[in-house]
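Asks: There's a structure below that I have some questions on.
Derivation of every value follows stated rules applied to the coordinates shown; laboratory data play no part. These figures come from a predicted structure and were not determined experimentally.
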Amino acid sequence: MIKTLSFGAMHVTVAFAVVWLMTGDWMTGGAVALIEPCVNTLAYHIHEKLWKRHGAGTAAACGHALPGPHRMPGNNHQLRCL
């Protein structure tokens, strides 16, 4: 949990610094630093749901390259980890 909190703090700090340096406006940097991690977290959640729905997690865990011919329509062969 400490590592997660540390990474979150670093993420917000980097986001703030990058936007502040690009715009010269600390309020814009602060707004982006607060909003971007929230949007990114939501996007990650949606990505995970889609990843699981399409079964990509299983094949990726086995080291199979995705997408490939094993995902072509009409191919009923199941991927198996050896």
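Asks: Give, in nm to one decimal, the length gained when the segment between ASP25 and LYS3 is fully stretched (0.36 nm per residue of separation minus the Cα-Cα distance).
Replies: Result for the pair: 5.0 nm of gain on full extension.
Asks: So, one more: Work out how much length VAL14 to ASN40 would gain on full extension: take 0.36 nm times their residue separation and subtract the Cα-Cα distance, in nm to one decimal.
Replies: 7.9 nm
Asks: I'd like the per residue volume of the convex hull spanned by the Cα atoms of region 1-52, given in cubic angstrom.
Replies: Looking at region 1-52, the number lands at 78 Å³ per residue.
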